[in-house]
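Input: a single structure, listed below in structure tokens.
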Amino acid sequence: MSFLLITGTIAVFSYEIDWLLNPEMHASEWVEHDQVSWGAAYDSARREFPRVSIAGIGRQQDPWFALQASGRTRWNEAIRIWLEPSNGVYIGATNWYNVQRFFRQTHRHLMLPNNIGIPIVTVMGFPLLISLIAGFVVYKKFWRGFFRWPRFKRKTRIWIGDLHRLAGLWTSWFVALIALTSVFYFVEELGASASLPSPAVEVIERESTLPSSFNGDSLDQAVANALKTMPGLEIRDILFPGSRQGAIVIRGDHTAVLVRPRANTVYIDPTSLDVIGKYQGEDLDPYTRVSEASDPLHFGYFGGFITKIIWLVV
């Protein structure tokens, strides 16, 4: 349990740790979401790595991060290509496996196969929840203890016990949140996972995953069409087709709160660049909405840097 709590705590700021360790991830100029040069970044990545398959381009929530293009070499090595958000200029490349991936895989499934590691990790939500409830039962009239200051003038054992109870009461909401989301992950792993909407997306099969004429201008046009369809979308990810009948997927943050970026998605035909499907957070059914809220609540990134600091401290 302690191992999971420690790795989870560090995972909250694992992206920031990578940012400190890798200058390639630094954006020299901070720009708003509607000023990101997606097309220029795509052209730059293709120019620097002409034989690398580009799976997508994404941006972190904080503006000091560079754009990340995810690529895979011909020898099947996954790499991260870093680009300036303001003009798409190539900054550098790093390996796919980094601090974030280490703590993500360690905390999520202990580096084991998903079907083995995830149940082992998530089942720990039950003893965590039981310990929380037991604490309220053992601590008689616990509601009176919220403002009961530790008796520092008494023996060490006494004031440490007082401090323990006080801290436990004021952090009980956080323990409950982590325990309940962990239990929910466990339930999903048993087969009750939510499914996002599947709009009818019809794309004519092409000779390759993207048309040969597709370039940065094409991507900018696709982004513009997506924003016309879903005004106000703060794009976080652009995923390119994985098959000859696949669509370009543009997703990000919109009006719905406590959802992952994938809850707001626009599908684009790679050939015509027309919008062929979309859904947003408000369209999700209640169970899927709860599922989409689990990650923002569990890792505390829903409020940006401020909530992540709270999650780290608590």
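The values are calculated or read from the model by the stated rules, or taken from the named source; none is laboratory data. The structure presented is a predicted model; accordingly, all values stated were derived computationally and were not measured. Neighbour counts are summed over all protein chains in view; Cβ atoms, including those assigned to glycine, are modelled from backbone coordinates with ideal geometry.
Among the residues that make up the range 108-115, is at least one of them part of a helix (DSSP H, G or I) and exposed (fewer than 13 other Cβ atoms within 10 Å of the Cβ)?
Yes: one or more hits.
Return the only residue of GLU16, GLU84 being closer than 25 Å to PHE302 by Cα, of a type in the set (Asp, Glu), more than 20 Å from the chain's Cα centre (by Cα) and not assigned by TED's automatic domain parsing to the domain that holds ALA222.
It is GLU84.
Answer yes or no: is there a residue in the range 271-282 that is in contact (Cβ under 8 Å) with a residue 40 or more places away in the chain, assigned to a strand (DSSP E or B) and either within 28 Å of THR307 (Cα to Cα) or in contact with a His (Cβ under 9 Å, 6 or more places away or on another chain) (or both).
Checking the range 271-282: at least one residue is in contact (Cβ under 8 Å) with a residue 40 or more places away in the chain, assigned to a strand (DSSP E or B) and either within 28 Å of THR307 (Cα to Cα) or in contact with a His (Cβ under 9 Å, 6 or more places away or on another chain) (or both).
Run PRO63 past the list (1) under 15 Å from PRO23 (Cα atoms); (2) touching a strand residue (DSSP E or B) at 6+ places or on another chain (Cβ under 9 Å) and report the number of the one that doesn't hold.
(2)
So which residues in the range 140-192 are in a helix (DSSP H, G or I), exposed (fewer than 14 other Cβ atoms within 10 Å of the Cβ) and not β-branched (Val, Ile, Thr), if there are any at all?
TRP143, ARG144, PHE146, PHE147, ARG157, HIS164, ALA167, TRP170, TRP173, LEU190, GLY191, ALA192
Filter the range 252-296 for residues that are more than 21 Å from ASN225 (Cβ to Cβ), crowded, with 19+ Cβ neighbours inside 10 Å and hydrophobic (A, V, I, L, M, F, W, C) and give the result.
Passing the criteria: VAL259, LEU284, ALA293.
Would you confirm whether or not the range 197-206 contains a residue that is within 18 Å of the chain's Cα centre (by Cα), surrounded by 14 or more Cβ atoms within 10 Å (Cβ to Cβ), at pLDDT below 90 and under 29 Å from GLY300 (Cβ atoms)?
no
Scan the range 123-149 and report the pairs whose first residue is over 30 Å from GLU189 (Cβ atoms) and in the same structural domain as PHE174 (by TED's automatic domain parsing) and whose second residue is among the acidic types (Asp, Glu) and assigned to a helix (DSSP H, G or I), with Cβ atoms within less than 9 Å and a gap of 6+ or a chain change.
GLY145/ASP162; ARG148/ASP162; TRP149/ASP162
So which residues in the range 244-261 are part of a loop (DSSP other than H, G, I, E, B) and within 16 Å of GLY277 (Cβ to Cβ)?
The answer is GLN245, GLY246, ALA247, HIS254.
Take ASP237 and tell me if it is modelled with pLDDT of 95 or more, outside any helix (DSSP H, G or I) and not assigned by TED's automatic domain parsing to the domain that holds VAL36.
Spelling it out, ASP237 is indeed modelled with pLDDT of 95 or more, outside any helix (DSSP H, G or I) and not assigned by TED's automatic domain parsing to the domain that holds VAL36.
In this structure, does ASP220 turn out to be of a type in the set (D, E, K, R), part of a helix (DSSP H, G or I) and not assigned by TED's automatic domain parsing to the domain that holds PRO85?
yes
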